[in-house]
1. Hey, what do the phi angles of segment 198-209 turn into as Karplus ³J(HN,Hα) couplings, whole Hz, using 6.51/-1.76/1.60 and θ = phi - 60°, x for Gly and Pro?
2. Reported to two decimal places, what Rg/Rh ratio describes the chain when computed on Cα atoms with Rh from the Kirkwood expression?
3. Label segment 97-213 by shape, choosing from rounded, prolate and oblate, from the square roots a ≥ b ≥ c of the eigenvalues of the Cα gyration tensor; if a/c is under 1.5 it is rounded, and otherwise prolate applies when a/b is larger than b/c, oblate when it is not.
4. Which of the peptides 166-172, 248-254 is most tightly packed, and how do the rest follow, judged by the mean count of other Cβ atoms within 10 Å per residue?
5. Neighbouring Cβ atoms within 10 Å as the yardstick, rank Cys269, Cys224, Cys106, Cys178 fewest first.
6. How far is the Cα center of segment 127-171 from the Cα center of segment 203-239, in Å?
7. With the dipole of the chain worked out from charges on the C-beta (+1 for Lys and Arg, -1 for Asp and Glu) around the Cα centre, which of Ser279, Asn139, Leu166 lies farthest toward the positive end?
8. List the relative contact order of the chain as a percent without decimals, with contacts defined as Cα pairs under 8 Å and 6+ residues apart.
Amino acid sequence: MAKIVLGLGTSHTPMLLATDETLQRFIETDRNIKHRDKEGRPATYGDLLEKADPKLAHMVAPEHLVERQNVARAGIKHVAQALANAKLDALIVIGDDQNESYKEDCRPTFAIYYGDTIRNSNEQHEYYRKHYPDWYVQNRQGFFEDAAPRDYPVHAGLATHLIDQLMEGGFDLAASKCLPPGEGEGHAIAYVHRRVMDQARPVAAVPIFINTYFPPNQPRPRRCYEFGQAIRKSVESFGQDLRVGVLASGGLSHFLVDEDFDRAILKACADKDAQFLKSLPRNKLHAGSSEILNWVAVAGAVEHLDLNWFEYVPGYRTPAGTGTGLSFATWA
């Protein structure tokens, strides 16, 4: 019988790809983002700056940015080492897609990729080349191969089985066997391939996408938790004896850091407080913070495991409090 033996969570923000010098430049993009405040209300950068704690100006001084970044870098290494030590046969990666593989012509709520391999390109998706400055695009290149595309292994057998069993369980899924012509995998799986997996011995992945980001068909927290539970049940019905991991890629709060909410999420994961996770207020799950739903799904999939380690770094990067709640966790 296949069994989920490891749970992992990691942020995947371009912030984590930044050099010490580049960290100071995110204020340039954050000034132009359509923000939300902590209650989900639309806000400008100026609105957030006006209400921000004055102490943030000190916290985002270059030396403090680097200090927090080093803690986050250590967190990534911890997650990567836990994955390497587990000697998995397959890793289910639950992430979101942001105009990469799925666009406005058809954006599924849940989708599973089941091709034999999935390609990480050495070129960025057109959306980012069009909408972001050169320094940001160059920084974001860390998601992708340096010189030429690379095809990473997919556990197609397990992926196909999950599609079948999740359909039996009442989840109507989209299924992808290939990527759009000329495109590589999205950032949620790309980050795992390039920054978490051992490049010499990548684990066969099962990429699962949740449309956390784009209305109107975002799944509710309860449905995401139930989706995770159904994934575990489906894995355990697979005929082969496999060691399987499941990883949440993304989150937590951003583009405005909400420490209290982030810590409540992590506490609920540690306490196995399913009701709290199922009942998260939707007004707090807009834009980047919607990636918390990937963690909710993983929490549902690892109910039988314990959250045995986590690291949380409030990744403030501007005096307005913008940035990312940088979060890393393992369940075993």
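1. 5, 4, 7, 9, x, 6, 4, 9, 10, x, 10, 10
2. 0.94
3. Verdict is oblate for segment 97-213.
4. Highest mean packing first, the order is 248-254, 166-172.
5. Values: Cys269 25, Cys224 29, Cys106 8, Cys178 14.
The most exposed by this proxy come first: Cys106, Cys178, Cys269, Cys224.
6. Taking the Cα centre of each part, segment 127-171 and segment 203-239 sit 15 Å apart.
7. Farthest towards the positive pole: Ser279.
8. 34 percent
Coordinate-derived values only; no laboratory data. Because the structure is a prediction, the values reported are computed rather than measured. Because the Cβ atoms are built from the backbone with ideal geometry, glycine has one as well, and the counts that use them run over all protein chains shown.
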